[in-house]
Each structure stands twice: as structure tokens, then as C-alpha cells.
1. Across the chain, how large is the tail of the calculated P(r) beyond 40 Å, expressed as a percent of all Cα pairs?
2. Taking the Cα centroid of the stretch 115-145 and of the stretch 186-204, what is the distance between the two, rounded to the nearest whole Å?
3. In debye to the nearest 20, how big a dipole does the chain give about its Cα centre with +1 on each Lys and Arg Cβ and -1 on each Asp and Glu Cβ?
4. How large is log10 I(q)/I(0) at q = 0.09, 0.11, 0.17, 0.23 Å⁻¹ when the Debye formula is applied to the Cα atoms of the stretch 121-233, each weighted equally and without solvent?
5. With the cut-off at 1.5 for a/c, could you classify the stretch 171-323 from its C-alpha gyration tensor as rounded, prolate or oblate?
6. With point charges of +1 on the Cβ of Lys and Arg and -1 on the Cβ of Asp and Glu, referenced to the Cα centre of the chain, which listed residue (Pro247, Thr133, Thr317) lies farthest in the positive direction of the dipole?
7. Go ahead and set up a Gaussian network model of the chain, Cα springs under 10 Å, then flag whichever of Asp144, Asp171, Asp65 fluctuates most.
8. Going by average Cβ neighbours within 10 Å, how do the peptides 195-206, 259-270, 131-142 rank, with the highest at the top?
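Since every read-out is calculated from the coordinates, none of them should be taken as a lab result. Because the structure is a prediction, the values reported are computed rather than measured. Note: ideal-geometry Cβ built from the backbone for every residue, glycine included; neighbour counts use all protein chains shown.
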Amino acid sequence: MVIRCVLAALALLLAYLLFWPIEADPLAWEPPAPLAVSRAADSDLSAVQYLGVGAGVGPEDVAIDASGRLYAGMLDGRIMRFDHDGSGAELFADTGGRPLGLDFDGDGNLIVADAIKGLLRIDPAGAITVLATEHDGVPFRFTDDVDVAPSGMIYFSDASWKRGLHDYPIDFIEQRGYGRLLRYDPEKQTTKLLMANLNFANGVAVSPDETFVLVVETARYCIHRAWLSGPRAGESEIFIDNLPGFPDGVSCNGVDRFWVAIVSPRSPVMDFAHPRPWLKRAMLRLPRSLLPAPKHDGHVIGLDLDGRIVTTLRDPTGQRFSLITSVEEHEGMLYLGSLTREAFARIARPDR
């Protein structure tokens, strides 16, 4: 009797995992083998200095104003401002959403990609203006990262036009490409679509000469280059592929380096499931807590302007600083944001 009950329960569980209706329709995708990144040249990321300790949780990105003050957006919607050494925490603004990407324009305004509120501008006094919340009638559901070009044009990503802050992991499994790269013209107050069909569009970085812009496709372990001028204007290509983890933020130091934050190593479970849509459907029927979670591993990659890896920083234990979401270079230092930490961090650029 007990055996029959157990078998019946297992049969019901199997039927649920295979046939219960879900709102997602996963595609088959064959993940490429990750790049063999040399560990011999790694710099020790564990030497980071904590900044802004206790000011808030989840300082996703860090921006530096013309006076050297530091800004970080927190999980609860606050944007905190700090002295150059991370002390003197004070409230700069509260978006009421989730501020992610931050960058200053030429007039000293902080441009914010807020996952909930859209593309925002915050003046030096902390007054908030909404710049854009949709493109061509399709709302932004997850405004993610932003980079202001020397020309004043604002490049930003909408990670998904279908799912927002609380259900975006479904996009990673489904692989149907709801992400977009866009440009906002502050003078005309208009948006333009540059790339679509991205699987979680994330970090954005403009090249020093503004001939191209990079956008991270997190769920496919790669970074795209969209050409803005020259003979290939309007075209796009893979800048670097097969990364060893999930790339998050990308930034440019304006001279010779793009910095990429690898928020977590790749998941063997997800890579196994991606070519098997039936298995991904079963995974989506599981409680969210049973899905693969990010691994605590600190990893930063430095690329030259042609997409070659020239620098890596690692803390594979994740004990010192991990779940890194952004990297910003300023005066020879790298400032690191994090998804879950109660501090951001900085470390000297290793090749300087």
C-alpha cells in the first residue's frame, strides 16, 4: 500500500513537471564552450577596499562626479552620495524604483537606468525628471544600464520588454530575446532602437571615439558591438563570445580599456538544459528557490578596444567581494558594484 502511494505521488509529480501549463515557451539553444581564460595572469581581487559600508544593500553601479564624489544606487530605490573615500554617506535622491546603471552627462546631471521607473535624469540638487519609459509604444520593463557619450547622446538597455525585476529569470531560461539597446537624444527628446531580440540586454559602453557602442547579452555569455558611424554604421557583430560566466556591466575608461563584470560563473545545470526545451519547461514549473542560483565568485575582465582579454581579476572563493555587477575606472582605481553586498569596493587597476 505504501509503495503504491509513493508511486502514485511520483507519477503525479512527473505529470506536473511535464504537462502543467506555463506562460513561457522555451527555445532550444546550444551554449558554446567557454573561453579558456588564462589564470596565470590573474590579479588578486581579494585586495579590494570596502566603501560605503552600511549605507544600503545592492549598490549595483558606481558613478563619480566632477568633484570626485561617489554615487551608488541601492535596492530600496535610494541613490547615495559619498566623499571620494567612501565616507560621509548622504541621500542624493530616491527614485522610488530600483536604480541600476548610473552615468553623468556633460552638465553634471546624473542619468539613471531605473529597472522600474525608466530612464531618468537627476539634476545636481536631486530633482528627478523622467526622460523615457517606452519606445514605439512598447514600455521598458527592465531599464538596466546607461552610458552617456561625449556628444551627449544617451545609450541604454532595456533588459526585457516582457518581464520585470521580479520575474526576469524566466527570460534566461526561455531564450526568446526580449532585450533592446536604445539611444535617447536629449535635444529632440526621442528614443531610437539600435538592437533588438537580445537575451537580457545588460551593460552598455560607448567607444572612446563614439564609432560604436557595446551591449552585453547576459543570457548568452557575450557582448555585441553596434556600429554608430563609418562604413558599417547600423550594423552589429559579436565583440566577444563564449565568456566563462554571466557578463553584467561593461564600461569604458575613455582611452584603452573596456571593463566587464562577470556576476557569476556559468551554470552547468543551465547549460545542460538549454538544448532541451522539455527540461526547461519542467524547471519553470519548480519553485523559484529550486532554480540554479548565482555562485559567489568575484571576476572582472579587461578588454582592449578590439575585444581581446588583456587583464583579469579574480576572487574565486567569493569571500572578499563577489556577485560583481559593474566596474568603473577613475584615476587608476576600479570601482566595483555588487548585486547583494552592503558595500561597494575599489581596487587599484592591476596593469598600472
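1. Details: 7587 of 61776 pairs.
Everything past 40 Å amounts to 12 percent.
2. That distance is 12 Å.
3. Working: 34 positive and 47 negative charges, 308 e Å.
The calculation lands at about 1480 debye.
4. Values returned for q = 0.09, 0.11, 0.17, 0.23 Å⁻¹ are -0.23, -0.35, -0.81, -1.30.
5. Working: a/c = 2.21, a/b = 1.37, b/c = 1.61.
Note, shape of the stretch 171-323 comes out oblate.
6. Positive-end residue among those listed: Thr317.
7. Highest fluctuation of the listed residues: Asp65.
8. Details: 195-206: 23.5, 259-270: 20.5, 131-142: 16.5.
Output ranking for 195-206, 259-270, 131-142: 195-206, 259-270, 131-142.
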